[in-house]
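First comes the structure, then the notes that go with it.
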Amino acid sequence: MLTPTEITRDLVLVGGGHAHALVLRMLAMNPVPGARLTLVSPASHTPYSGMLPGLVAGHYRFEDTHIDLARLCQWAGVRFLRDAVTALDPARRELHFAERPPLGYDLLSLDIGSQPTLDVVPGACEHAVPVKPVAEFWQRWQAGLAAHGGQRIAVVGGGAGGLELALAMAHALAGSGATLVLYCGGELLPGYHRAARAAARDAISRLGVTLEEGARVAEVHAGELSLEDGRRERFDSLYWCTAAAAAPWVRASGLAVDERGFLAVDDTLRSVDDGRIFGAGDIATQVNHPRPKAGVYAVRQGPVLARNLRASLTGVALREHRPQQRFLSLLSLGEQRATADRGPLSATGHWVWRWKDRIDRSFMRRFSELPRMQAGREDTVPAQAPCGGCGAKVGGDPLAEALAALRADFPDHCLPAGGAAEDAAALPQAGGTLLQSLDTLRALVDDPWLMGRIAAQHALNDLYASGARPRAALAALTLPFAAASVQARDLRQVLAGALAAFAEADCVLLGGHSLQGPEWQLGFAVTGEVATKDPLRKRGAQAGDALLLTRPLGVGVLFAAHMQLAADGRDIDRALALLGASQAAALDAAVAGGAHAATDVTGFGLAGHLCEMLCDELGATLDLAALPVLPGAEVAIAAGLRSTAAPANLAAWGARVLGAGDPVRQQLLFDPQTAGGLLLALPPAGVPEARRVLEAAKLGAAVIGECVAAEPGMIRLADAS
């Protein structure tokens with residue numbers, strides 16, 4: 001019997017920098033048995049810094065210049081947690097976050113880059129847009145691009161980054177009437193060859209940028225810079241690109257850092273005082289060989305970091321890294337021209353830009369053109385196949401222990417204080433009719449906290465669709481085979497995610513049952529108290545009722561595309577944010593609108609669940625154009641991708657869909673949904689009030705059709721020819 005290798009250790013990579021992107025690729029090609037890799041990053045895409053000026057200038061698309069971490073992790077078999085670390089506790093080997101519980105690790109690597117030093121200049125934090133983190137800068141630059149016409153735009157920073165940014169902005173805003181001013185505290189491009197500086201000045205002049213050297217900013221006010229020489233300079237928009245600073249939580253961890261707060265590492269890239277922590281890229285300083293903060297060093301560190309992380313996991317000797325003294329610097333000059341600088345040599349021209357473009361695109365192809373992985377390479381034959389039945393129960397009682405540990409965070413919605421888990425739990429007192437439902441899921445994503453939240457919302461939707469407010473829940477969890485310490489970490493994460501959802505719904509998690517198995521499965525039995533005179537039912541709709549859908553379609557095909565490395569990580573991000581959100585307001589909307597019937601759209605797809613609602617008593621018309629759809633879902637369907645459940649849904653319900661229309665949108669009718677929207681059958685007069693309630697809660701409110709007396713049991717497409 002073949003089973004996946006038991007997980008015994010957690011290697012956690014924090015940050016999606018250049019070095020970590022290379023580490024992921026290299027370790028995926030030759031994984032370490034028993035080691036689970038997790039990448040933590042606040043965004044699904046990480047920028048390649050060398051191409052950022054070209055992106056701002058308009059020479060590249062977003063996709064050309066960013067590594068899709070969600071896709072890379074899916075390919076590599078690496079857990080991807082979209083979140084930002086707020087603290088590190090080396091003694092407990094834990095990472096802390098704003099919302100989720102601490103994440104434990106056995107081995108840790110940091111590659112989180114750096115950020116401009118805004119806090120040393122009064123007012124800069126309040127009035128300047130920092131260039132790092134790049135993701136935030138890019139969003140703000142795009143949002144303000146149309147408004148920059150005619151503005152006076154100030155860029156602070158006379159190094160390579162500030163120069164490239166100012167020239168790229170000037171190229172992008174050519175003809176808009178905008179004025180660009182570059183402020184340098186000293187001279188332009190300190191340390192560069194005089195020919196490179198001359199080429200930069202020529203580009204500044206050609207693109208109409210005003211250069212202010214020796215203009216150090218002393219203070220920033222709303223719309224005004226105060227310089228150290230007493231001058232006051234007006235601006236409409238201010239971008240900050242000065243010397244790099246470290247994230248404050250690195251110093252606060254107690255680990256050794258350099259004078260600027262960057263993690264101090266030895267020549268193996270390991271922390272000088274904690275052998276379980278490594279660092280690379282801008283966030284780390286190699287104490288024996290300090291170098292400027294530049295992406296080229298991170299790229300060179302990547303292979304050494306990958307080897308040493310593997311060595312730490314397998315108990316072999318680490319390799320030392322000696323960074324180069326000089327490196328080739330290729331600076332973009334706004335237009336498709338660049339200057340090359342290395343020691344006493346320099347060259348400038350369009351050919352240099354084409355050279356740089358080839359180098360940059362070659363690097364990015366490592367992450368866009370991923371090799372085909374060999375199936376089953378991580379399978380092993382265990383000495384004894386894992387037991388089934390109660391022999392698969394997780395050892396000890398970590399479920400009860402995890403719930404007890406989480407009680408401090410969820411005192412009113414967790415295992416009652418003072419009581420160990422009993423064989424049966426008392427429900428909170430109720431004065432009305434109780435309803436129960438049970439839902440289980442295979443893991444849709446590998447982030448246990450997020451999956452716990454989604455699974456809880458998925459289960460609660462059954463209660464909302466039935467007109468009930470949640471009261472209590474029980475968990476039924478299957479954890480992948482792993483060491484006890486790893487399972488304890490995972491349980492805490494998944495239960496905390498679920499409790500975050502249950503606490504929002506004022507639902508108490510009373511306990512549950514946990515087993516070991518080949519993969520994650522999450523289920524919750526939920527109990528609710530009917531909030532209306534009678535429960536809402538699937539059937540009860542009337543001819544003339546409007547059909548209101550509270551969530552976009554496309555979950556099934558979007559995540560099928562993700563599994564096949566064909567989805568954009570940004571689309572996955574948007575979908576996951578939606579699936580983890582509560583639909584409690586849909587119950588309020590159903591009550592406010594006087595709903596006659598309701599159901600939640602899940603595994604059978606919209607067509608299947610609507611047919612259940614209609615039974616053989618009513619028909620329905622649907623407006624395909626009115627269907628709300630998740631970004632990326634239609635692209636995936638048009639590419640021929642489908643969820644594995646879609647063909648069965650089509651076979652079961654396809655004959656009941658009459659007429660023709662957009663073939664892509666027709667396929668969406670049979671796409672299975674996880675934590676899908678509620679479908680409400682409302683009298684037309686109740687639709688405005690229901691929509692008001694939903695929109696106030698920032699939920700979707702799309703009227704997609706109506707119930708009709710004709711053609712019972714059938715769905716006719718309203719836009720059919």
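The values are calculated or read from the model by the stated rules, or taken from the named source; none is laboratory data. Remember, predicted model here, so these are calculated numbers, not experimental data. Reconstructed Cβ throughout: ideal geometry from the backbone, glycine too, with neighbour counts over all protein chains shown. What goes into the accessible areas is simple: the full protein's heavy atoms, side chains included, and nothing from ligands, DNA or RNA. Shrake-Rupley method; radii C 1.70, N 1.55, O 1.52, S 1.80 Å.
Here are some notes:
- Leading residue by the ranking (farthest from Phe327 (Cα to Cα)) among those in the stretch 14-45 that are without any contact (Cβ under 8 Å) to a residue 60 or more places away in the chain and not in a loop (DSSP other than H, G, I, E, B): Leu37
- Candidates Ala246, Ala264, Ala218, filtered to the one that is in contact (Cβ under 8 Å) with a residue 60 or more places away in the chain, within 26 Å of Ser312 (Cα to Cα) and open to solvent by less than 70 Å² (accessible area, probe 1.4 Å): Ala246
- Within the stretch 142-162, the only residue that satisfies the criterion of being under 24 Å from Val296 (Cβ atoms), assigned to a helix (DSSP H, G or I) and out of contact with any strand residue (DSSP E or B) (no Cβ under 7 Å at 6 or more places or on another chain) is Gly161.
- Looking across Arg716, Arg691, one residue alone is open to solvent by 10 Å² or more (accessible area, probe 1.4 Å), of a type in the set (D, E, K, R) and part of a helix (DSSP H, G or I). It is Arg691.
- The helices (runs of 4 or more DSSP H) falling completely within the stretch 542-607 that include 3 or more residues that are under 19 Å from the mean Cα position of the chain (by Cα) map to 555-563, 569-579.
- Answer from Ala298, Ala311 - the residue that is free of Cβ contacts under 8 Å to residues at least 24 places away in the same chain, in a helix (DSSP H, G or I) and open to solvent by less than 30 Å² (accessible area, probe 1.4 Å): Ala311
- Within the stretch 461-492, the set of residues being assigned to a helix (DSSP H, G or I) and more than 25 Å from Thr602 (Cα to Cα) comprises Ala484, Ser485, Val486, Gln487, Ala488, Arg489, Asp490, Leu491, Arg492.
- Residue match in the stretch 446-469 (condition: open to solvent by 50 Å² or more (accessible area, probe 1.4 Å) and under 13 Å from Ala498 (Cα atoms)): no
- Residue identified as modelled with pLDDT of 95 or more and under 17 Å from Val629 (Cβ atoms) among Gly705, Gly686, Gly700, Gly661: Gly705
- Once the stretch 323-334 is narrowed to residues that are buried (at least 16 other Cβ atoms within 10 Å of the Cβ) and either in contact with a helix residue (DSSP H, G or I) (Cβ under 6 Å, 6 or more places away or on another chain) or free of Cβ contacts under 8 Å to residues at least 40 places away in the same chain (or both), the residue that is nearest to Arg201 (Cα to Cα) is Leu333.
- Selection of the stretch 238-257 for residues being modelled with pLDDT under 95 and assigned to a loop (DSSP other than H, G, I, E, B) yields Cys241, Thr242, Ala243, Ala246, Ala247.
- Filtered by the rule that a residue be of a type in the set (A, V, I, L, M, F, W, C) and touching a His at 6+ places or on another chain (Cβ under 9 Å), the stretch 489-521 gives Leu499, Phe502, Ala503, Ala505, Cys507, Val508, Leu509.
- Among the residues of the stretch 60-70, some residue qualifies, meaning at least one is assigned to a loop (DSSP other than H, G, I, E, B), over 19 Å from the mean Cα position of the chain (by Cα), free of Cβ contacts under 8 Å to residues at least 12 places away in the same chain and closer than 30 Å to Leu163 by Cβ.
- Any chance Ala87 is crowded, with 21+ Cβ neighbours inside 10 Å and either within 30 Å of Leu444 (Cβ to Cβ) or not β-branched (Val, Ile, Thr) (or both): no
- Selection of the stretch 61-81 for residues being within 30 Å of Ala405 (Cα to Cα) and either among the small types (Gly, Ala, Ser) or modelled with pLDDT under 95 (or both) yields only Gly77.
- Set side by side, the residues Leu515, Leu509 differ, and just one is touching a residue at least 40 places away in the same chain (Cβ under 8 Å) and open to solvent by 10 Å² or more (accessible area, probe 1.4 Å), which is Leu515.
- Taken together, Arg537, Arg570 contain a single residue that is crowded, with 16+ Cβ neighbours inside 10 Å and among the basic types (Lys, Arg), which is Arg570.
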